[in-house]
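Read the structure below first, then the notes.
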Amino acid sequence: MMAKISPNPRKIAVKVLRRITEDGAYADIALSKAVNEYSFSALDRALLTELVYGCVKYLRYLDYIISKFSRRPIDKLEPDLRNLLRLGLYQIFLLDQIPDAVAVFETVEAAKGVVHLGAQKFLNGLLRTVVRQRERVAADDFWPTESHELLGTKLSHPQWLVDRWIELWGPETTAEICQANNQTPPISLRVNTLKTTRAELLQEFARLGIRATAEPLTVEGINLSQGVAISKLAPLQSGQCFVQDVGSQLISHLLDPQPGERILDACSAPGGKTTHIAQLMHDRGEVVATDVNTARLWLVQDNCRVLGITCVRTEVQDAVLLHERSQWRQSFDRVLVDAPCTGTGVLRRRADLRWRKQLQDLTELPTIQKAIIASSAEMVKPGGVLVYSTCSIDPAENQEVIDWFLQRFPGWIVEDFRTVLDLPPDFGTALSQESPPEFLYLYPHREKTDGFFAARLRRR
C-alpha cells in the first residue's frame, strides 16, 4: 500500500485563505477543517498554520504592498491570485527563516493548478520585482505619510480601531498593543484538578516529549511550547486539561465559587469558565449555565462530559431576559456575566476578528451589555457576588458599563480584585490613571495574557 502523500501546505493555505477572505469563514474553523482533512507532517502543519494566520493578521500590510507594485487594482485581481500574492509577500517580509528565492519559487509552484498560466506569470513577476526592490519597501516614502495611517498600515489593524486606541492611550501604547496582537499567542491549558494535579500532568507531558511549564499566575495553569498538535493531545482528549488562556482562568478565580453554592453563568458557551467554576467547587453544588444559542450549549455539555463534571445544568436563556425567570430571582450565591463584546482583547488569538468588527459595535454592544448585567443582577442573593467580565480592552464595554450600573442600582458595591486574587504588584492595573483601580485590567502587551476586563460587585 502506497504511503499517503502529504499535500503542499502553500497550496492548501490558498484554499483556506479563499474560504476566509471570500466566503466569510472563520479563520480557526477553516484552518481546523483543512488540518483534519489532509495528512500533514508536523512541519507542514506548522507552516500551514503560520501562513494562514499570518496572512490574515497582516492583510492590510500585505495588500498595501501589493497595491504599490501592481498596475492592476487589487480588487480587480482574481481571489486566488490575491491570496497567492499575500502568501508570497508574507514569506518574503515576515518569515525570516525562508529565503526570498525559496519563497518566490514555492509560491509560484503552489499556483500551478490554482490559477491560469497568465496569473502565474503575473505572480512570478510581481514577487521577483518586490525582492529586487526591497530597499524601496524599506524607504519611508513608500508608506503613508499621515502618522495614524502609517501605524495602522504597518501594524495591520483597521484604521477605526487604531484611531480609537490612540485617542484613549496615545500612539506609543497603541503600537505596543498592535505588535502584541500580531504575535503568536502561547498555548495555555487549565489542569482539570478533578482528574489530576498540575505536577502529575507536567510529568505526563515530559513523558510524551512535550515541553511544558507551570503558569505562575494560576494554580492550575500550564503553558506548552509552540508547534504542539492540540487536537491530538492525549491529556486533552481524556479530560485531564482544557485549553484556556490564563487571563480567562483569572476571571473564575475572581468569582471565587465555593463548594455547595448555587452559581449562575449567564453567558456560558462554550463553557471554559463554566467548567472552571465547577472545578473550583470540586463539582459540588449547582452551576446553571445559560446561553441564548442551543447549539453552543451543546458545547458546554460536551466539555462537561469530557472533563467529568456533573454539577452543571444548561438552560437556553437570553441573558437580557433573565429577569423574566421570577423563580430564579435572588436565588444564586454568585453570578458570572461574561458578556458578549467586540473581543478586542483576543485579537492575537483570533486572526480574523480585527477585520470583522466596526466602530458602531462600540455603540451597539454596550447597550446589550447593560441590559444583561441589569437583568443578571436580579438573580443574586443579598450579600452575593456578581462578576462582570469581557474580553475587550475598550472602556465603553467595561468601566463605563459598570459606572452606568452603579448609578442605577445603588445597592451594590465594588470589591477590589486584589482582595481575592494574589497577583504581582501593579499587575492588572488600568492604562489610564483616571480609571478605577479596583477593576482588573489585562492587556496582551503588558500582562502577556489575552486582554480582559473584570469587576467584582457585591449586593448589599
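The values are calculated or read from the model by the stated rules, or taken from the named source; none is laboratory data. Not measured: the values here are computed from a predicted model. Neighbour counts run over all protein chains shown; Cβ positions are idealised from the backbone, glycine included.
Applying the criterion of being surrounded by fewer than 18 Cβ atoms within 10 Å (Cβ to Cβ) and assigned to a loop (DSSP other than H, G, I, E, B) to the residues of the stretch 320-360, the residue that is nearest to the chain's Cα centre (by Cα) is PRO340.
Would you say ILE92 is of a type in the set (Val, Ile, Thr) and outside any loop (DSSP other than H, G, I, E, B)? Yes, satisfied. The residue that is modelled with the lowest pLDDT, among those in the stretch 335-373 that are among the hydroxyl-bearing types (Ser, Thr, Tyr) and farther than 18 Å from TYR441 by Cβ, is THR363. If only residues of the stretch 199-258 that are outside any loop (DSSP other than H, G, I, E, B) and basic (Lys, Arg) are counted, the one that is farthest from LEU423 (Cα to Cα) is LYS232. A residue that is in a helix (DSSP H, G or I) and more than 26 Å from the chain's Cα centre (by Cα) occurs nowhere in the stretch 55-63.
Note on the stretch 207-227: among residues that are aliphatic (A, V, I, L, M) and over 18 Å from the mean Cα position of the chain (by Cα), the one that is farthest from THR49 (Cα to Cα) is VAL219.
Which residue is nearest to the chain's Cα centre (by Cα), if the candidates are limited to the stretch 401-428 and must be in a strand (DSSP E or B) and of a type in the set (Val, Ile, Thr)? The selected residue is VAL414.
Among the residues making up the stretch 408-460, those that are under 16 Å from ALA180 (Cβ atoms) and in contact with a helix residue (DSSP H, G or I) (Cβ under 6 Å, 6 or more places away or on another chain) are LEU431, LEU442, PRO444, HIS445, THR449, ASP450, PHE452.
THR342 falls short on exactly one of the conditions (1) touching a helix residue (DSSP H, G or I) at 6+ places or on another chain (Cβ under 7 Å); (2) over 30 Å from TYR58 (Cα atoms); (3) β-branched (Val, Ile, Thr), and that condition is (2).
Residue check: THR193 meets all listed conditions (1) part of a loop (DSSP other than H, G, I, E, B); (2) within 30 Å of ARG325 (Cα to Cα); (3) among the hydroxyl-bearing types (Ser, Thr, Tyr) but one, namely (2). Looking for something free of Cβ contacts under 8 Å to residues at least 40 places away in the same chain and assigned to a loop (DSSP other than H, G, I, E, B) - is there at least one such residue anywhere in the stretch 295-311? Yes, that holds for at least one residue.
Do we have any residue at all in the stretch 21-29 that's under 24 Å from ALA229 (Cα atoms) and either surrounded by 21 or more Cβ atoms within 10 Å (Cβ to Cβ) or of a type in the set (Gly, Ala, Ser) (or both)? Checked against the condition, which is being under 24 Å from ALA229 (Cα atoms) and either surrounded by 21 or more Cβ atoms within 10 Å (Cβ to Cβ) or of a type in the set (Gly, Ala, Ser) (or both), the stretch 21-29 yields at least one hit.
Only residues that are surrounded by fewer than 18 Cβ atoms within 10 Å (Cβ to Cβ), in contact (Cβ under 8 Å) with a residue 40 or more places away in the chain and assigned to a helix (DSSP H, G or I): list them for the stretch 145-163, please. Talk me through it step by step, then tell me what you get.
So in the stretch 145-163, the residues surrounded by fewer than 18 Cβ atoms within 10 Å (Cβ to Cβ) come out as 145-150, 154, 158-160, 163.
Among the residues that remain, those that are also in contact (Cβ under 8 Å) with a residue 40 or more places away in the chain are: 154, 158, 160.
If the condition is that a residue be surrounded by fewer than 18 Cβ atoms within 10 Å (Cβ to Cβ), in contact (Cβ under 8 Å) with a residue 40 or more places away in the chain and assigned to a helix (DSSP H, G or I), then LYS154, TRP160 are the ones that fit.
Here's the yes/no breakdown for (1) in contact with a His (Cβ under 6 Å, 6 or more places away or on another chain); (2) surrounded by fewer than 24 Cβ atoms within 10 Å (Cβ to Cβ); (3) part of a strand (DSSP E or B):
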{"site": "ALA430", "(1), (2), (3)": "no, yes, no"}
{"site": "GLN433", "(1), (2), (3)": "no, yes, no"}
{"site": "PRO437", "(1), (2), (3)": "no, yes, no"}
{"site": "TYR441", "(1), (2), (3)": "no, no, yes"}
{"site": "PRO444", "(1), (2), (3)": "no, no, no"}
{"site": "ARG458", "(1), (2), (3)": "no, yes, yes"}
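Of all residues in the stretch 443-460, those that are touching an Asp or Glu at 6+ places or on another chain (Cβ under 7 Å) and within 22 Å of LEU347 (Cα to Cα) total 4. Which residues, taken from the stretch 99-144, are surrounded by 15 or more Cβ atoms within 10 Å (Cβ to Cβ) and either in contact with a Cys (Cβ under 6 Å, 6 or more places away or on another chain) or part of a loop (DSSP other than H, G, I, E, B) (or both)? Within the stretch 99-144, VAL114, TRP143 meet the criteria.
Given ASP245, ASP256, which one is surrounded by 24 or more Cβ atoms within 10 Å (Cβ to Cβ) and touching a residue at least 60 places away in the same chain (Cβ under 8 Å)? Give the derivation first.
Numbers: ASP256 fails: surrounded by 24 or more Cβ atoms within 10 Å (Cβ to Cβ).
Result of the check over ASP245, ASP256: ASP245.
Within the stretch 440-453, the residues that satisfy the criterion of being of a type in the set (A, V, I, L, M, F, W, C) and either under 12 Å from ALA430 (Cβ atoms) or not assigned by TED's automatic domain parsing to the domain that holds PRO395 (or both) are LEU440, LEU442, PHE453.
Would you mind stating whether THR213 is out of contact with any strand residue (DSSP E or B) (no Cβ under 7 Å at 6 or more places or on another chain), surrounded by fewer than 19 Cβ atoms within 10 Å (Cβ to Cβ), more than 26 Å from TYR90 (Cβ to Cβ) and not assigned by TED's automatic domain parsing to the domain that holds PRO259? Here the answer is no, as THR213 does not meet what is asked.
If you take the residues of the stretch 230-242 that are under 18 Å from the mean Cα position of the chain (by Cα) and surrounded by fewer than 19 Cβ atoms within 10 Å (Cβ to Cβ), which of them is modelled with the highest pLDDT? Steps first, answer last, please.
Residues of the stretch 230-242 that are under 18 Å from the mean Cα position of the chain (by Cα), as a first pass: 230-231, 242.
Restricting the remaining residues to those that are surrounded by fewer than 19 Cβ atoms within 10 Å (Cβ to Cβ) gives 230-231.
On the way: ILE230: 82, SER231: 76.
Across the stretch 230-242, the extreme among qualifying residues is ILE230.
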